[in-house]
Amino acid sequence: RGEVVHTEPLVWAGREGGVAANRSPLPVALASHGCVWRRAALTALDDAHISYRVAYTCDNCFGQEAAMFSDLAVAPFPISLVRPPLRKLDREGLPALADYQIALVRSNSNPVNDALAGHVKEAFLDLR
């Protein structure tokens, strides 16, 4: 539904030199229910039969980031947001995560909506 304006890989992230990714059950920091990142992470862990515990939940990615900075948990995160002291966790045997998409949904077309939609699309083009 809507026009896809951004697609990006979702990866497992954690603190560089941290130990959270080696704990069992795996401590994960997730967004609230309904978030596509949360659903992707839990489905991947369940499908891979990896034991986990939801260590932290929050309404936005800043809470997840804080848990990772403190090495209290790992989290599903867009690759563009993984920056030091975080790193992509690719040697820990965690299951791959799918790309996620952001879609622009509009109920109708008029000059104001069209102008705003154009700015939104331009902003996401700058991320590529």
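The values are calculated or read from the model by the stated rules, or taken from the named source; none is laboratory data. These numbers come from a predicted model, not from an experiment. Positions of Cβ are backbone-derived with ideal geometry, glycine not excepted, and every protein chain shown enters the neighbour counts. Accessible surface is based on the protein model in full, side chains and every heavy atom, while ligands, DNA and RNA are left aside. Shrake-Rupley method; radii C 1.70, N 1.55, O 1.52, S 1.80 Å.
Per-structure values
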quantity	calculated
Counting DSSP beta bridges with both ends in the chain, the antiparallel % (nearest 5)	65
For the chain, calculated [θ]222 nm from helices alone, where every DSSP H run of n ≥ 4 adds -39500 (n - 2.57)	-8500 deg cm²/dmol
Residue-normalised accessible area of the chain, expressed per residue, 1.4 Å probe, Å²	59
Crossing angle, helix 36-47 versus the chain [Cα axis fit, 0-90 degrees, rounded to tens]	40
With every protein chain in place, segment 4-116: carbon and sulfur % of accessible area (1.4 Å)	54
Candidate residues Val112, Val120, Val36: accessible-area rank, largest first, probe 1.4 Å	Val112, Val36, Val120
Farthest positive-ward along the chain dipole, Cα basis, beta-carbon charges - from Gly2, Trp37, His49	His49
Rounded tilt (10° steps) of 111-125 against the dominant C-alpha axis of the chain	40
Cα point-scatterer Debye curve for the chain, base-10 log of I(q)/I(0) at q = 0.16, 0.20, 0.23 Å⁻¹	-0.79, -1.08, -1.34
